[in-house]
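Below you'll find the structure, written out as structure tokens, and then a few comments.
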Amino acid sequence: MEGTENNDQDNRREEVFSKAVRAGKRTYFFDVKATKAEDYYLTITESKRRFNNDSGKFFFEKHKLFLYKEDFGKFTEGLTEAIDKIKALKLEQGEEIVEKVASDYTDVDFDDLG
């Protein structure tokens, strides 16, 4: 099955790096992927566990953002500016935002997410 081998090879080449960050009830996935032209882009996926009242089962609601290299600078600038604004507003309200470092989060068990 030569076609299957090529598809498997393409899928392996496509995902270059993956980082999962569990943050409360949400998990964020940062995935670096390669195009066929060996260019790179970032996908950011937010995954939230939800309960379906009709079926009585849990499911995962996912939202995905694609970020291309030509937009990295403007995206980073906009994100930093928005975060800084939130911090300033909360400080005005007398609340300082204390940021957790990566070691404060637990590792993601992918069996929990499936």
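Just a few scattered comments:
- Given (1) surrounded by 11 or more Cβ atoms within 10 Å (Cβ to Cβ); (2) under 30 Å from Ile97 (Cα atoms); (3) at pLDDT below 90, index of the condition Gly24 fails: (1)
- Number of the exception - Phe72 against (1) loosely packed, with under 11 Cβ neighbours inside 10 Å; (2) assigned to a helix (DSSP H, G or I): (1)
- Cβ pairs under 7 Å, 6+ apart, first in region 50-77 and under 16 Å from Asp31 (Cβ atoms), second in a helix (DSSP H, G or I): Phe60/Leu113; Leu67/Phe75
- Residue count for region 27-46, restricted to those that are surrounded by 11 or more Cβ atoms within 10 Å (Cβ to Cβ) and either aromatic (Phe, Trp, Tyr) or in contact (Cβ under 8 Å) with a residue 24 or more places away in the chain (or both): 8
- Single condition Arg49 does not satisfy, out of (1) of a type outside the set (A, V, I, L, M); (2) farther than 27 Å from Ser18 by Cα; (3) surrounded by 10 or more Cβ atoms within 10 Å (Cβ to Cβ): (2)
- Selected residue (only one of Lys90, Lys85 is among the basic types (Lys, Arg), more than 23 Å from Ser18 (Cα to Cα), surrounded by 11 or more Cβ atoms within 10 Å (Cβ to Cβ) and free of Cβ contacts under 8 Å to residues at least 40 places away in the same chain): Lys90
The values are calculated or read from the model by the stated rules, or taken from the named source; none is laboratory data. Quick caveat, the model's predicted, so the values are computed rather than measured. Quick reminder, even Gly has a Cβ in these numbers, built from the backbone with ideal geometry, and neighbours come from all protein chains shown.
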